[in-house]
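I have placed the structure first, in the form of structure tokens, so that the comments after it can refer back to it.
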Amino acid sequence: MQLDIKNLLLTLKVLKRNKMRSFLTSLGIIIGISAVIVIMSIGSGAHSLVVSQIEGIGSDLLAILPGGSDGDEPPAALMGINITTLTHRDALAIEQNVDEVSAVCSYVRGVATASWQNKVDDTSFLGVTSGYLNVEAGAEVVQGRFISPEESDQIAKVVVLGSLVADDLFGR
């Protein structure tokens with residue numbers, strides 16, 4: 001017991017003599033531990049975000065996009081190359097010939113200007129087929145109706161507006 005007290009007193013004496021070194025050492029330990037805690041928290045948050053997004057889409061959803069890569073190269077879309085080799089006819093062939101597929105929706109994405117009388121709204125759009133509501137989790141029509149299968153087959157010019165665009169153009 002006597003030896004332990006002597007060691008403790010000696011340690012305190014050395015710490016007092018080297019105050020700046022002691023402070024910097026303590027600061028380094030505190031910053032290091034804090035950094036590990038922050039990194040673990042960010043990783044856990046990112047993990048939760050990805051899991052919730054996957055659960056929101058559904059585990060039985062498969063998206064088929066054109067522009068695969070050969071070998072170890074990234075997909076063409078990541079390099080800004082727009083490939084349009086898949087067509088609506090391809091989507092219909094998948095729907096008709098693959099028994100395990102319950103719904104198909106082909107789509108095109110872009111940016112357009114919507115206008116009504118003197119109001120204009122630049123917005124992004126999805127050109128979709130009637131199967132969209134069956135494929136996209138959480139998509140619903142609040143007012144009016146969605147695209148019918150007949151309109152989809154005829155490639156009719158039908159618009160389903162989102163609530164923000166509708167409010168911008170027509171007001172409440």
(message) Along the Cα→Cβ direction, 7 angstrom out, place labels at S163 and V98. What is the inter-label distance in nm?
(response) 3.3
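Write down the accessible area per residue of region 104-166 in Å², having rolled a 1.4 Å probe over the full set of protein chains. Provide the component values of the computation, followed by the final result.
Working: 4780 Å² over 63 residues.
Value for region 104-166: 76 Å² per residue.
Using the scaling law 2.2 N^0.38 Å as the reference, what is the normalised Cα Rg of region 108-165? Mind dumping the intermediate values first?
Working: Rg = 12.3 Å, N = 58, 2.2 N^0.38 = 10.3 Å.
Ratio of Cα Rg to 2.2 N^0.38 Å: 1.19.
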(request) Enumerate the lysines that K6 could reach by cross-link, defined here as Cα to Cα under 21 Å, with residues fewer than 8 away along the same chain left out. (result) K16, K19
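Express the carbon and sulfur contribution to the solvent-accessible surface of region 131-172 as a percent, rounded to the nearest whole number, probe 1.4 angstrom. Please report the intermediate quantities before stating the final value.
Working: 1700 of 3360 Å².
That share works out to 51 percent.
Take the Cβ-Cβ distance between I39 and V141 as r, set R0 to 45 Å, and report the resulting FRET efficiency rounded to the nearest 0.05. It would help to have the intermediate numbers written out before the result.
Numbers: r = 43 Å, r/R0 = 0.96.
Calculated transfer efficiency: 0.55.
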(request) Find, among the GluC sites (Glu not before Pro) in region 108-168, those assigned to loop by DSSP (not H, G, I, E, B) with at most 12 other beta-carbon atoms within 10 angstrom. (result) E140
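The values are calculated or read from the model by the stated rules, or taken from the named source; none is laboratory data. Note that this is a predicted model, so its numbers are computed, not measured. So basically every Cβ, Gly included, is an ideal-geometry build from the backbone, and we count neighbours across all protein chains shown. To get the accessible areas, we keep the full protein, side chains included, count just its heavy atoms, and leave off ligands, DNA and RNA. Shrake-Rupley method; radii C 1.70, N 1.55, O 1.52, S 1.80 Å.
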